[in-house]
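Notes follow the structure.
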Amino acid sequence: MGIKHIHSKQEWEALLAEGKPIVVDFHAVWCGPCKAIAPIYEKASEDTANANVTFAKIDVDEVSDVTRELGVTAMPTFILLKNGSKAGEVQEDEFSAGVVGLSSALFLSDDPENQVTVVAKFMPGDFDIEYTSPWAGANVLPMAAEADSRWERRTWEHLRKLTENEPSAGIHFQNTRVYRRDKDAPEYPSSNFYDALFSKDPWYKTMFDGYRELGGRDPRRARLGLRIHLTLHQHANLPPWLASRCLANGVVFKRAVVKHVADAAAFAGGSSSGSPSSSPPPPTIVVNATGLGALKLGGVEDQSMVPARGQIVVVRNEAPYMIATSGTEDGGVEVCYAMTRAAGGGTVLGGTYDKGNWDPTPEPNVAVRIMTRAVELCPELAGGKGVAGLDIIRHGVGLRPLRTKGVRIEAESVASPDGAGSVSVVHNYGHAGWGYQGSFGCAERVVELVKEIQSAAKAAAA
Ligand SMILES: Cc1cc2nc3c(=O)[nH]c(=O)nc-3n(C[C@H](O)[C@H](O)[C@H](O)COP(=O)(O)OP(=O)(O)OC[C@H]3O[C@@H](n4cnc5c(N)ncnc54)[C@H](O)[C@@H]3O)c2cc1C
């Protein structure tokens, strides 16, 4: 367990001679992304599930001969070696390192027949307005109507087991109160009722242990129809954990910006560098999980993608329970929730759900309103001292990838930009505010679609 630092070709050859599977992180001291992903790699090396794999690190400037031999030209590059050789050919090319893409990569790589490469502009450890996943709370509070509840139901099954059995995933259960205000109900003209979470007699009431209607009227907030769930949880630590599990499955990670969805196929084929290889092995299937990036990505350019801007404040104070309300007195785009992240991640106070707003900068007045609403709803959060009792870690803005036509999970054949051929693409994007709580359910569907393409290819070749 732990990481073995290789300082020379001799040490490298000695490691190969041990005959165990090896994952190597090729890094450089001057490489920012290498530093960002280092803690994730370290965590993966300590995971007991990876006990049969040796985790090694090579500084490309220090051990340049081995770096050259393995064809590494970009940092960071991760390679899995089995019996001294790069493991297998790359067949699935997973495109994106958000929670949606990483979940798909993990589920695909659980099948040893598949070799998966993750190609992304941003990776876990990065914070950028083009990368939604790090900004999420992120919790499981169902939003879908019953007819569309498959993704959330299936994901809950996986996440519940993960929470119970895998402490390293950094997920925890949290008691929750969901406040339903009558004035937000659909029958009222000024309704801001924004999702199925607040419906009466919801489909998910049997999904969670300990669901119960509180009923009555809460005198402090003068709201009707309060209720409480027990054992909901949140899991913002999920992407780094998913990346570590992917590494252990032999997934290759590459940093790149892809201009056209069909171009992503060229990153498959076992090349460990950040550059496309010249001849990808068939059949290569591209999984497009680019979130809001689908708006501008060549070959996709989905004009129904819009941002649903979410502003948050992260504080050190702990919330006694997770909270969500159906509306606020501060206008249609402002919402109110609080959730304490697992593993010391702070408490996320929200927020806003502002469709079409691209502004990446936190707005101070909105931040004040977010904090005021949170302490009003839950005075215990700040020890009864109001906003002054909040200990702020940071302000943030994330853009939820909203597809106005609904999430896109489907396969299609996309012509390459030069018209020379076509590539099989499985789309998985447009999860708006439920990318975490629907991630694993959607990944299951991606696996089904990939299998259908593989079977059709086999049948055609027979
Ligand atoms: C404030 C806030 C609160 C939220 N709370 C919750 C919650 O409580 N529960 C919940 O389930 N969800 C929540 N969400 C929503 C959730 O965060 C998103 O649904 C989810 O993160 C979307 O993930 P994704 O992988 O599709 O997109 P992203 O995380 O944006 O990942 C997209 C990936 O694609 C890559 N990419 C895109 N285009 C290209 C390109 N051309 N070339 C190379 N790489 C590219 C990016 O670099 C990135 O790696 C919240 C979101 C916000 C902003």
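Bear in mind that the values in this text are calculations on the coordinates, not laboratory data. As the structure is a prediction and not an experimental result, all values here were calculated from the model. So basically every Cβ, Gly included, is an ideal-geometry build from the backbone, and we count neighbours across all protein chains shown.
Provide the gained length on full extension for the span A343 to E187, in nm with one decimal, where the gain is 0.36 nm per separating residue minus the Cα-Cα distance.
Values: separation 156, 0.36 × 156 = 56.16 nm, distance 4.10 nm.
In short, 52.1 nm is gained.
Just for the chain, what percent of DSSP beta bridges are antiparallel, to the closest 5? Don't skip to the answer; put the middle values down first.
Values: 53 of 84 bridges.
Rounded to the nearest five, the antiparallel share is 65 percent.
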Using a Förster distance of 41 Å, how high is the FRET efficiency between W203 and D418, based on the Cβ-Cβ distance and rounded to 0.05?
0.30
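Pull out the extension gain between T361 and R150, defined as 0.36 nm times the separation in residues minus the alpha carbon to alpha carbon distance; nm, one decimal. List each step's numbers first, then the result.
On the way: separation 211, 0.36 × 211 = 75.96 nm, distance 3.48 nm.
Extra length available between T361 and R150 comes to 72.5 nm.
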For the chain, alpha-carbon Rg and Dmax in angstrom:
23.1, 75
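Divide by every residue of the chain the summed helix terms, -39500 (n - 2.57) for each DSSP H run of at least 4, and state the resulting mean residue ellipticity at 222 nm, rounded to the nearest 500 deg cm²/dmol. Mind showing how you got there, number by number?
On the way: 8 runs with 105 residues, N = 462.
Value at 222 nm, helices only: -7000 deg cm²/dmol.
Which order do the peptides 173-181, 60-68, 18-26 take when ranked by the mean count of other beta-carbon atoms within 10 Å per residue, highest first? Each step should come with its number before you reach the end.
Numbers: 173-181: 21.2, 60-68: 15.8, 18-26: 18.4.
Result, highest mean first: 173-181, 18-26, 60-68.
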In degrees between 0 and 90, to the nearest 10, how far off the longest principal axis of the chain does helix 238-248 point, with axes built from Cα atoms?
20 degrees
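Select from the range 111-154 those chymotrypsin sites (Phe, Trp or Tyr not before Pro) which occupy a DSSP coil region and have at most 14 other Cβ atoms within 10 Å, ordered by residue number. List each step's numbers first, then the result.
Numbers: sites: F122, F127, Y131, W135, W151; in loops: F122, F127.
Here the sparse-neighbourhood loop sites are F127.
Tell me, what is the percent relative contact order of the chain, built from C-alpha pairs under 8 Å that lie six or more residues apart? Spell out each step's value before the answer.
Numbers: 1054 pairs, mean separation 87.3, N = 462.
Relative contact order, the chain: 19 percent.
Take the Cβ-Cβ distance between D330 and E410 as r, set R0 to 51 Å, and report the resulting FRET efficiency rounded to the nearest 0.05.
Numbers: r = 38 Å, r/R0 = 0.74.
It comes out at approximately 0.85.
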Using a Förster distance of 30 Å, the FRET efficiency for Q303-F127 (Cβ separation, nearest 0.05):
0.65
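May I ask you to compute the full-extension gain from A459 to A17, defined as 0.36 nm times their residue separation minus their alpha-carbon distance, rounded to one decimal in nm? Walk me through the intermediate numbers first.
Values: separation 442, 0.36 × 442 = 159.12 nm, distance 4.08 nm.
Extra length from A459 to A17 when fully extended: 155.0 nm.
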Cβ-based exposure ranking for S304, S326, in which fewest neighbours within 10 Å come first
S304, S326
Treat each spin label as a single point 7 Å out from the Cα along the C-beta direction, and report the H7 to E164 distance in nm.
4.8 nm
